[in-house]
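Q: Input: one structure, supplied below.
The values are calculated or read from the model by the stated rules, or taken from the named source; none is laboratory data. Values in this document were obtained by computation on a predicted structure and should not be read as measured data. Note that we place each Cβ from the backbone using ideal geometry, even for glycine, and neighbour counts take in every protein chain shown.
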Amino acid sequence: MNFKTLLYVSIIGCLIASCNEKVKPVLSDTTKETTKEMDKTTNTITKLVYPETKTVDQVDDYHGTQIKDPYRWLEDDNAEDTKAWVTAQNKVTQGYLKSIPMREKIEARYTDLFNFPKLSTPYSCGEYYFFSKNDGLQNQSVVYRQKGLEGEPVVFMDPNKMSADGTTAVNIASFSKDKKYAAISKNEAGSDWQSLYVMEVATGKKLTDNLEWVKFSGASWHEDGFFYSRYPEPKEGDELSATNSYHQIYYHKLGDDQSKDKLIYENRENPKLYHWTSVTENGKYLILNVSEGTEGNEVYYKNLKNGGDFIPVIKGFTYKTYVVHENNESFLIMTNKDAPNYRLVSSSIAYPGPWQDVIPEKENLLQSVSTGGGKMFATYLQNATNKIYRMDYDGKNMSEVELPGVGSAGGLGGYEDDKTLFYSFTSFLLPGISFKYDVATGKSTEFRKTALKFDPNDYEEKQVFYPSKDGTKVSMFIVHKKGLKLDGNNPTYLYGYGGFNVSLSPSFSTSRIILLENGGVFAMPNLRGGGEYGEDWHKAGMLDKKQNVFDDFIYAAKYLIAEGYTKSEKLAIAGGSNGGLLVGACMTQEPDLFAVAFPAVGVLDMLRYHKFTVGFGWVPEYGSSDDPEQFKTLIEYSPLHNLKDGTAYPATMITTADHDDRVVPAHSFKYAAQLQKSHVGPNPVLIRIAVDAGHGAGKPVSKIIEEQADQWAFMFKNTGTEVIY
């Protein structure tokens, strides 16, 4: 995946939050202490009493329709009443989870499984190679530098020494053109806000540069500095919830204070646009990408040698378009313009005219194009699994890069003068394997293989196709132990996303071993709204067609039941971010179909999501309640607004985080309050609110282990599953 695509995906990402309770403010008079009834013979909770949540008389008029919003006060995460409510809810949740006898055994097993060295594929910078490594249970991976592939690795930066609780995450954003410096991005407590600083590549010395209020940015080097994206400094107290406006491009010169940085581009007339840049490898052109959100972008360029204004490559927000490389005064451009499955075209810079196909659109999705060693590498998705082809810059001399099996591969790319490239491969049953690719011969050799206490030969993976409600064929991956009896009694974890053109392909999860070795089934369908089968597949699950996504997920559950994999009493559903919306919508539409639901960091209030931080960027995907027709669609499936009093809902554990400034925790807070009010029956409906955590990126290992132990304990208890430990 190239840099531009990574930034695009970072706007909408999908990761699960975790919990590390620290602060316990005094309860306000609106929130009462929770009591629990205990079965003293089993030491488990038999009845939960939830915190009392006050309501307010808030009514909004949406185009003549009156909509009550009784938990509006929970949107203010800085209010003392909200903090007290969070503390009370966490107390109930943690009390319930700690009462599950198997939880400690699950945590011990997962800790043991997770305790193995994890290494990234190396990437080069001049005479040095860099890679990240986690020895096993370190909260954050450490970045190492070594001279050549045989040199002794030395620590370049260790984020574990930057915070006491491991909640500081750092990454190398980019290297300078002369390969002397590295721009480093740092995130605190899971927030999308970043700071940027600079280190010397050869010495690891940190320079004085420090840039704040950076978000959705890289560092695009030019001469003695770099271009980056930032927002104006927000008002104190509003950093994690207020709408982000006026995304700007600045140029920072090494050694200068940030106050001296030069404003390169802003759009005062359209404050909700996103802007990000890249510089071509030869340093000649600055590429500017402009987006309204997650659907389509404009591309401009500026000649850095001659100066002048930005010149358009493509205008309007109908298509997704990225400049991949500059070659012989032509841009190589990946686009879905006139090609729902994407194509690569060439456009002359000096004499722009009609684009010329370099890689024409094919039946399978062109997922990405990268360059390295003077070659191009096109990565395709074929039935949601990867195939990679190498070729010259004109698209000729194509040959397939031999992968070790059916799965997911990525990372094949580098500098023009690189002789050796690296890529990784993974599947549901194979942990990440790093391969070294010789550009001259086109041969791949295994470079590093993950050593894990897991035998993939004990399990099997398959891909099936099932009909959705309207007859559309949907693909789904299924993983389980060999010899599994299809008697309907297997605990099953159904995971989905279905949105924003995001593709779900095979990947390995250490946590998933807990499910599989206890006789469970993992299932992952490729829902409409995703990108697995091109832009048409994506559009079939967005805006007024969003119900297709929920139908695909519901019919995946019905397929698993009909085929004997599981039954409703054994079935859990899960998803994060847009996937949290998926879970929330499906559990309100079919509450009897599922035993357990895990809506994580979900978009759950579809009428107000666009009023917080970067939520306005999702309007092209979902629509907006400000539009009368789109309001009619949103109110039909908005999870918060479709909970019905007196309904027995699945056992539910909502997860969110106090520093989530992408999908703000107000979504989960309000949904949990309404769910606890509406729900009847013995199933627990809990909310797990992580402290000092965000949307998921950079989460420390300690929190990952706690969270996953809680999840599997909750699922196994509420599906009547006995563990083998």
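Q: Got a sec? Which strands (runs of 3 or more DSSP E) wholly within the stretch 149-229 have at least 2 residues that are under 24 Å from Asp658 (Cβ atoms) and in contact (Cβ under 8 Å) with a residue 24 or more places away in the chain? Steps first, answer last, please.
A: On the way: elements: 154-157, 168-175, 181-188, 194-200, 206-214, 220-222.
Output list reads 168-175, 181-188, 206-214.
Q: OK, next. Of the residues Glu416, Glu446, only one is part of a strand (DSSP E or B) and surrounded by fewer than 17 Cβ atoms within 10 Å (Cβ to Cβ); which? Before you say what the answer is, go through the steps one by one.
A: On the way: Glu416 fails: part of a strand (DSSP E or B).
Residue meeting the stated conditions: Glu446.
Q: Okay, next question. Look through the stretch 577-614, keep the residues that are under 15 Å from the mean Cα position of the chain (by Cα) and not in a loop (DSSP other than H, G, I, E, B), and return whichever of them is nearest to Gln58 (Cα to Cα).
A: In this case the residue turns out to be Leu581.
Q: Further question: Could you please find all residues in the stretch 421-443 being among the β-branched types (Val, Ile, Thr) and surrounded by 18 or more Cβ atoms within 10 Å (Cβ to Cβ)? Break it down stepwise before answering.
A: From the stretch 421-443, those among the β-branched types (Val, Ile, Thr) are 426, 433, 439, 441; that's our starting set.
Residues satisfying the conditions are Thr426, Ile433.
Q: What is the one condition in (1) surrounded by fewer than 20 Cβ atoms within 10 Å (Cβ to Cβ); (2) over 22 Å from the mean Cα position of the chain (by Cα) that Leu286 does not satisfy?
A: Tallying (1) surrounded by fewer than 20 Cβ atoms within 10 Å (Cβ to Cβ); (2) over 22 Å from the mean Cα position of the chain (by Cα), Leu286 fails exactly one: (1).
Q: List every residue pair whose Cβ atoms sit under 7 Å apart, with the two residues 6 or more apart in sequence or on different chains, where the first one lies in the stretch 374-388 and is of a type in the set (D, E, K, R) and the second, anywhere, is modelled with pLDDT of 95 or more and surrounded by 23 or more Cβ atoms within 10 Å (Cβ to Cβ).
A: Here the result reads none, with nothing in the stretch 374-388 linked to a residue that is modelled with pLDDT of 95 or more and surrounded by 23 or more Cβ atoms within 10 Å (Cβ to Cβ).
Q: Hey, another quick one. Of the numbered conditions (1) within 22 Å of Gly529 (Cα to Cα); (2) touching a helix residue (DSSP H, G or I) at 6+ places or on another chain (Cβ under 9 Å), Asn289 satisfies every one except a single condition; which is it?
A: Going through (1) within 22 Å of Gly529 (Cα to Cα); (2) touching a helix residue (DSSP H, G or I) at 6+ places or on another chain (Cβ under 9 Å) one by one, Asn289 breaks only (1).
Q: Evaluate the following for Val323: is it in contact with a helix residue (DSSP H, G or I) (Cβ under 9 Å, 6 or more places away or on another chain) and part of a strand (DSSP E or B)?
A: On the way: in contact with a helix residue (DSSP H, G or I) (Cβ under 9 Å, 6 or more places away or on another chain): yes; part of a strand (DSSP E or B): yes.
Considered against the rule, which asks whether it is in contact with a helix residue (DSSP H, G or I) (Cβ under 9 Å, 6 or more places away or on another chain) and part of a strand (DSSP E or B), Val323 comes out as yes.
Q: So is Thr294 surrounded by 21 or more Cβ atoms within 10 Å (Cβ to Cβ) and either touching a residue at least 60 places away in the same chain (Cβ under 8 Å) or among the hydroxyl-bearing types (Ser, Thr, Tyr) (or both) or not? Please lay out each step first, then the result.
A: Details: surrounded by 21 or more Cβ atoms within 10 Å (Cβ to Cβ): yes; either touching a residue at least 60 places away in the same chain (Cβ under 8 Å) or among the hydroxyl-bearing types (Ser, Thr, Tyr) (or both): yes.
For Thr294, the condition - surrounded by 21 or more Cβ atoms within 10 Å (Cβ to Cβ) and either touching a residue at least 60 places away in the same chain (Cβ under 8 Å) or among the hydroxyl-bearing types (Ser, Thr, Tyr) (or both) - is met.
Q: If we keep just the residues of the stretch 198-214 that are under 24 Å from the mean Cα position of the chain (by Cα) and surrounded by fewer than 22 Cβ atoms within 10 Å (Cβ to Cβ), which is farthest from Glu233 (Cα to Cα)?
A: Start the filter on the stretch 198-214 by keeping residues that are under 24 Å from the mean Cα position of the chain (by Cα), which leaves 212-214.
Pick out the ones that are also surrounded by fewer than 22 Cβ atoms within 10 Å (Cβ to Cβ) and you get 212-213.
Values: Glu212: 8, Trp213: 6 Å.
If we take residues in the stretch 198-214 being under 24 Å from the mean Cα position of the chain (by Cα) and surrounded by fewer than 22 Cβ atoms within 10 Å (Cβ to Cβ), then Glu212 is farthest from Glu233 (Cα to Cα).
Q: I'd like to check which strands (runs of 3 or more DSSP E) are fully inside the stretch 455-546 and have at least 1 residues that are surrounded by 22 or more Cβ atoms within 10 Å (Cβ to Cβ). Steps first, please.
A: Working: elements: 459-467, 473-481, 492-495, 521-525.
Because the criterion is at least 1 residues that are surrounded by 22 or more Cβ atoms within 10 Å (Cβ to Cβ), the strands (runs of 3 or more DSSP E) in the stretch 455-546 that meet it are 473-481, 492-495, 521-525.
Q: Are any residues in the stretch 437-457 in contact with an Asp or Glu (Cβ under 8 Å, 6 or more places away or on another chain) and without any contact (Cβ under 8 Å) to a residue 60 or more places away in the chain, and if so, which ones? Give the derivation first.
A: Quick first cut of the stretch 437-457, residues in contact with an Asp or Glu (Cβ under 8 Å, 6 or more places away or on another chain) only: 439, 444-445, 453.
Hits for the stretch 437-457 are Ser444, Thr445.
Q: Another question, if that's okay. Leu304: in contact (Cβ under 8 Å) with a residue 60 or more places away in the chain, closer than 30 Å to Phe508 by Cα and among the hydrophobic types (A, V, I, L, M, F, W, C), yes or no?
A: Numbers: in contact (Cβ under 8 Å) with a residue 60 or more places away in the chain: yes; closer than 30 Å to Phe508 by Cα: no; among the hydrophobic types (A, V, I, L, M, F, W, C): yes.
So Leu304 does not fit the description; no.
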